[in-house]
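Written below as structure tokens is the structure these notes are about.
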Amino acid sequence: MADETRSNGLTYRDAGVDIDAGNALVDRIKPLVKATRRIGADADIGGFGGLFDLKACGFKDPVLVAANDGVGTKLRVAIEAGIHRTVGIDLVAMSVNDLVVQGAEPLFFLDYFATGKLSVDTAADVIAGIADGCRTAGCALIGGETAEMPGMYADGDYDLAGFAVGAAERTGILPAPTVGPGDVILGLASSGAHSNGYSLVRKVVERAGLSYGDEAPFAPGRSLGEVLLEPTRIYVKPVLAAIRDTGAVKALAHITGGGFVDNIPRVLPDKVSARVDLSAVPALPVFGWLARTAGIDQSEMVRTFNCGVGMIVVVAEADAEAVSAVLSREGETVVRLGRLEADAEGPRTLFTGSLSL
């Protein structure tokens, strides 16, 4: 009787957690993780923590910079569209772009993947995207956590969080104290909506009566889901090149939630504001479609979306051409958006012109 009781007893798998699937995922992703190795990170995953040798990177007086973020409700689009790899790139981008705006070089990244029931294929796709993002940013994926939590998520759902650590020389931390009136504002083109405003995006899609498998009204030949899941652009290597090659970058702002309105003032001193010419923003079809389809006001667009510019670069007028040249050489589309000006009510963002929507 005792043996029969043991054979019919509950297991962790009966409760919804499959340890074997978790082990299979680790085996699947080991080559992906290995491909992200860089100086300072040589260990294999599978231990209880990730190791990084900061001394090996050659910093003389380093300050560590850390950032964490998620992908927001863009995950809902990925899940419903059945396209999972690109959100892994988004996860990396959201954190490493936040590091580089402080002048920091991203060194390593850790991810957190949570789901109700682990699909090895889905998780492997997501983590492959994370590895893609890490290679683009030049940082190592040194570890992560996969949590299978039955009862917490609906079937097929998952959530992501990412954690990035970088370093900057103490004398190179941005924004610089010299930021002030007369400085030029450069904008680097975005790849799309990046990873912000997707609760509004999803509402627009719903009101338009579309599904993510339908052809995108503004991108013939591509599905709506595919276009909306275009991953966040990773600006790390071009921006670091501009910082190092010119020594002239004064400040950077990653345009995420809050758009131009809330993000640019974060890097400005008191009584200085940014005046942005919206007519200079490179128009992307997705933003025009969103605005027209739902009648979204320009004021709402510039506070919700990047509208075509994912990174702001502040430089002195005399250095604008040199910095633009390096960024262009590194593959960025650079536009001159405006300049900083004295403003007793600053810091804030002021606008002239109109978006081409």
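The values are calculated or read from the model by the stated rules, or taken from the named source; none is laboratory data. Computed from a predicted structure; not experimentally measured. All Cβ positions, even for glycine, are placed from backbone atoms using ideal geometry, and neighbour counts span all protein chains on display. Surface areas here come from the heavy atoms of the whole protein model, side chains and all, with no ligands, DNA or RNA. Shrake-Rupley method; radii C 1.70, N 1.55, O 1.52, S 1.80 Å.
The single residue among 283, 251, 291, 274 that is assigned to a helix (DSSP H, G or I) and either open to solvent by 30 Å² or more (accessible area, probe 1.4 Å) or of a type in the set (A, V, I, L, M, F, W, C) (or both) turns out to be 291. Is there a residue in the range 174-193 that is out of contact with any strand residue (DSSP E or B) (no Cβ under 7 Å at 6 or more places or on another chain), open to solvent by less than 30 Å² (accessible area, probe 1.4 Å) and either at pLDDT 95 or above or of a type in the set (Ser, Thr, Tyr) (or both)? Yes: one or more hits. Checking 47, 22 one by one, the residue that is among the small types (Gly, Ala, Ser), at pLDDT below 95 and surrounded by 12 or more Cβ atoms within 10 Å (Cβ to Cβ) is 22 and no other.
Checking the structure you have, find out if any residue of the range 125-140 is polar (S, T, N, Q), without any contact (Cβ under 8 Å) to a residue 60 or more places away in the chain and in a helix (DSSP H, G or I). Among the residues of the range 125-140, not one is polar (S, T, N, Q), without any contact (Cβ under 8 Å) to a residue 60 or more places away in the chain and in a helix (DSSP H, G or I), which makes the answer no.
Return yes when residue 73 is modelled with pLDDT of 95 or more, out of contact with any helix residue (DSSP H, G or I) (no Cβ under 6 Å at 6 or more places or on another chain) and either open to solvent by 10 Å² or more (accessible area, probe 1.4 Å) or aliphatic (A, V, I, L, M) (or both) and no when it is not. Against the criterion (modelled with pLDDT of 95 or more, out of contact with any helix residue (DSSP H, G or I) (no Cβ under 6 Å at 6 or more places or on another chain) and either open to solvent by 10 Å² or more (accessible area, probe 1.4 Å) or aliphatic (A, V, I, L, M) (or both)), residue 73 does not qualify.
With the requirement that a residue be open to solvent by 50 Å² or more (accessible area, probe 1.4 Å), of a type outside the set (S, T, N, Q) and over 15 Å from residue 40 (Cβ atoms), what does the range 61-70 give you?
Just the residues of the range 61-70 that are open to solvent by 50 Å² or more (accessible area, probe 1.4 Å), to begin with: 61, 64, 66, 68-69.
Of the ones still in play, those that are also of a type outside the set (S, T, N, Q) are 61, 64, 66, 69.
Residues satisfying the conditions are 61, 66, 69.
Identify the residue in the range 141-153 that is touching a residue at least 60 places away in the same chain (Cβ under 8 Å) and in a strand (DSSP E or B) and, among all such residues, is surrounded by the most Cβ atoms within 10 Å (Cβ to Cβ). Among those residues, the one meeting the criterion is 141.
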